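Here is the structure we will look at.
Quick note: the coordinates plus some simple rules give every number you see, no bench work behind them. Everything numeric here is computed off the predicted structure, so don't read it as measured data. Reconstructed Cβ throughout: ideal geometry from the backbone, glycine too, with neighbour counts over all protein chains shown.
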Amino acid sequence: MNADETSPQRTALLDAAEGLIRANGADGWALPQLAEQAGVGLGEVEAEFADPWEAFCQVIRRDEAQYETVALRPSQTSPSERVLVLLEACVPDYDWTFWIELWSLALRDERAVRLQIELDERFRDLIEEIVRDGVEAGEFSVPDTRRAAITISALIDAMALQATLGDTTIRPNYMLDACVTVCGTLLGAPLKLPPLAESNDD
């Protein structure tokens, strides 16, 4: 794997891998196809990725990192605001394609099971940190912060899964409003979106 995580070539290869994963699934393509898609030699691809699985891992990790960059933006300071930002970050591009691929692979591939557990735990840790801060600040009333984090994570996953699969009921505003309502009840806090967010079109 190239040591330069932000090199233009690596970015281009990950972008091309994203396209192949969306079109053919996480394991329905080969490195020569990636080379052709990216317009580079096979040797250059093999210098970055040992196999399609490694490329898929890097694609989903990049996707998660991009989400965390938005969800953890430092301008939001109170735990309640941070929960709202985390929920809003799930909605504009609620595309769980890579997660659906990972869940599918996890049914038969131990590597996928390990990656799923790793990423799930990271997301739950992120949520639990916010919930714990809210409890300590007196904003939230939660007896078990870990259970709350798991519940919120599962809620987001379930709704985003339906949205990604094209459920016309689970549209952006519906998903966001439902998540805010359920999380507010779970956390014992009157979570409320800013007027601008509430007035967005579906």
Can you list, bin by bin at 10 Å, the percent of alpha carbon pairs in the range 72-198, starting at 0?
12, 41, 34, 11, 1
Fully extended contour minus Cα-Cα distance, from R147 to A47, at 0.36 nm per residue:
31.8 nm
With a cut-off of 18 Å, note down the residues of the range 19-33 whose backbone N falls inside the zone around a label point 7 Å from the Cα of T69 toward its beta carbon.
19
Farthest towards the positive end of the dipole of the range 17-122, among W96, T69, A47 and with Cβ unit charges of +1 on Lys and Arg and -1 on Asp and Glu, lies the Cα of T69
FRET efficiency estimate (nearest 0.05) - Cβ-Cβ, R114 to T77, R0 35 angstrom:
0.50
Let's test the formula: R0 of 45 Å, r as the Cβ-Cβ distance of Q9 and E129. What FRET efficiency results, to the nearest 0.05?
0.80
